[in-house]
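Below: one structure, written as structure tokens.
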Amino acid sequence: MSAYQSPISPGRSWYEDSCGLRPTYPALNGDKNADVVIIGGGFCGLSAALHLAQAGTNVVVLEAHRFGDGASGRNGGQMGSGQRADVMKLEKEIGFERSRALWDMAEDAKKSLLSTAENHGFGCDYQMGQLTPMHKERFDAEAREEVEHLSKNYDYDAISFLEREEMTEALGSSHYYGGTRDTGTGHIHPMKYLIGLASAAAKAGAQLFEQSPAVDVKRGSQFEIKTTCGTVRADRVLLALNGHHNDLRPELASHVMPIQSFIGATIPLPEDSPILPNKEAVDDSRFVVRYFRKSKDNRLLFGGREAYGKSTPGDIERAIRKQITEIYPELTNTEITHAWGGNVAITMPRMPYVRELEPGLWNAGGFSGHGVMMSNYSGRMIAEHFLGNSDQINHLKELDIPSFPGGSLFRNPLKILALTWYAMLDRV
Ligand SMILES: Cc1cc2nc3c(=O)[nH]c(=O)nc-3n(C[C@H](O)[C@H](O)[C@H](O)COP(=O)(O)OP(=O)(O)OC[C@H]3O[C@@H](n4cnc5c(N)ncnc54)[C@H](O)[C@@H]3O)c2cc1C
């Protein structure tokens, strides 16, 4: 077991202790030239690097800490379907055609995620199935409507409505009402995926550097990226920083804001436990979503405690135990072996902030709790755009992602106020 602790994310994750060997990569040492520099080694950056390197591009990845120390190595592992914003909301805002294009993009993202692992021969403990149970009875009608709408207008028939009794059986708990079952998606071990992705990118020829924080990006005849251990010059740059901006581009902070989300892992549950008998993932209908699933070795991995300020709350394990107990009272005294968290970068409309900030300098971040598929796929789409193969990324680039209100002074307190208000509505 490794005792490594990410310097940017609190708590040692169970993923860290179950991912097998986590290779290290060298720090940049001196100056380099490249076609493309990617700053940030999470799913987004590494996926872009893999697809660029496969096409013969000279690509350098700079990671401030270790690959997977950000959200990509520590998340809930749930892929979901579609975008973080649901199709009904998207249709109202951007119309059916664009909403459908974003749905199709997410379907491509699912296929791309799984085929990348398969083609490069790395395992990620993929398990099919996702349940979305309703915590208020009146939401059942909306869930039914969504199922019908997806079947009729999006040709998506992998989702079905479960009555309360069926949901109770699927969850092993009567805590919820009805809800949906989606057999067209599933969940993965994110750190195993991240390790496999980094290794595939390195094998394809990408130059990967850890412990190499970028401290400045300047444009001359080329981009010049200064790190604490050398400088890289390149024609194009991708910022794949998620919510960790490090003041590299302060203007990003008004569109993408960090919130913290926390997960706990129990000891392995007995094989015959009635909890999640089909090992489906769960994300419920609350504003502060409770998301949980069983690991390959039968632990309950449970997320749902959030924090909106900068400091790490001292009650992560207690808060998670309380939430688990509400749903599974029989687990009141079950040991929680790991509790950890990370930075979920959110935007106002909960859709990613993908922009060409200036010619040749791209940003992709703010995947708002839906980045397992979409950060991976955004990296790939940006790579395809750089290679001149596809402009699918424009569907994200054209989305209106307004600034958080309040300017640099009041943005954070306003965010805390608004999110706390919505979290309170969950309980009413
Ligand atoms: C607890 C938690 C649970 C989640 N659950 C889910 C889920 O179930 N399903 C889902 O779809 N999404 C989930 N998410 C969100 C998902 O993990 C993210 O959207 C996704 O991993 C973002 O990937 P990324 O590559 O953009 O960012 P990250 O993985 O955060 O990578 C960004 C990297 O940039 C590096 N960096 C920052 N600044 C610099 C710099 N100056 N120089 C060099 N490197 C730098 C950081 O060190 C970091 O490694 C969850 C997130 C968290 C935290």
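The values are calculated or read from the model by the stated rules, or taken from the named source; none is laboratory data. Just so you know, these numbers come straight off a predicted model, no measurement behind them. Glycine also receives a Cβ, built like all others from the backbone with ideal geometry; neighbour counts cover every protein chain displayed.
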Only one of Thr231, Thr183 is in contact (Cβ under 8 Å) with a residue 12 or more places away in the chain, among the β-branched types (Val, Ile, Thr), away from the ligand (no atom under 14 Å from the Cβ) and not in a helix (DSSP H, G or I), namely Thr183
Residue satisfying all of: in the range 325-343; more than 27 Å from Ala418 (Cβ to Cβ) and in contact (Cβ under 8 Å) with a residue 24 or more places away in the chain; surrounded by the most Cβ atoms within 10 Å (Cβ to Cβ) among these: Tyr328
Filter the range 47-76 down to residues that are within 19 Å of His189 (Cα to Cα) and either part of a helix (DSSP H, G or I) or more than 6 Å from the ligand (Cβ to nearest atom) (or both), then give me how many there are. 7
Filtering the range 379-428 down to residues that are within 15 Å of Val256 (Cβ to Cβ) and not aliphatic (A, V, I, L, M) yields Lys397, Asp400, Pro402, Ser403, Phe404, Pro405, Gly406, Ser408, Arg411, Asn412, Lys415
What strands (runs of 3 or more DSSP E), lying completely within the range 252-298, carry at least 2 residues that are touching a residue at least 60 places away in the same chain (Cβ under 8 Å) and away from the ligand (no atom under 12 Å from the Cβ)? 257-266
Out of (1) more than 9 Å from the ligand (Cβ to nearest atom); (2) more than 22 Å from Arg380 (Cα to Cα); (3) among the polar types (S, T, N, Q), the one Ser199 does not meet is (2)
If Ile225 meets every condition in (1) in contact (Cβ under 8 Å) with a residue 60 or more places away in the chain; (2) assigned to a helix (DSSP H, G or I) apart from one, which number is that one? (2)
Tell me which of these His245 doesn't satisfy, since it passes every other one: (1) part of a loop (DSSP other than H, G, I, E, B); (2) in contact with a Gly (Cβ under 8 Å, 6 or more places away or on another chain); (3) not small (Gly, Ala, Ser). (2)
Tell me which residues, restricted to the range 205-222, are assigned to a loop (DSSP other than H, G, I, E, B) and over 24 Å from the mean Cα position of the chain (by Cα). Gly205, Gly220, Ser221, Gln222
Mind checking whether some residue in the range 377-390 is buried (at least 19 other Cβ atoms within 10 Å of the Cβ), away from the ligand (no atom under 16 Å from the Cβ) and basic (Lys, Arg)? no
Return the residues of the range 344-367 that are assigned to a loop (DSSP other than H, G, I, E, B) and either within 7 Å of the ligand (Cβ to nearest atom) or free of Cβ contacts under 8 Å to residues at least 12 places away in the same chain (or both); say none if nothing qualifies. Pro359, Phe367
Criterion violated by Lys89 - all others in (1) within 11 Å of the ligand (Cβ to nearest atom); (2) basic (Lys, Arg); (3) farther than 14 Å from Gly371 by Cα satisfied: (1)
Note: among Gly56, Gly68, Gly77, Gly82, just one is surrounded by fewer than 24 Cβ atoms within 10 Å (Cβ to Cβ), on the phi > 0 side of the Ramachandran plot and either at pLDDT 95 or above or of a type in the set (A, V, I, L, M, F, W, C) (or both), namely Gly56
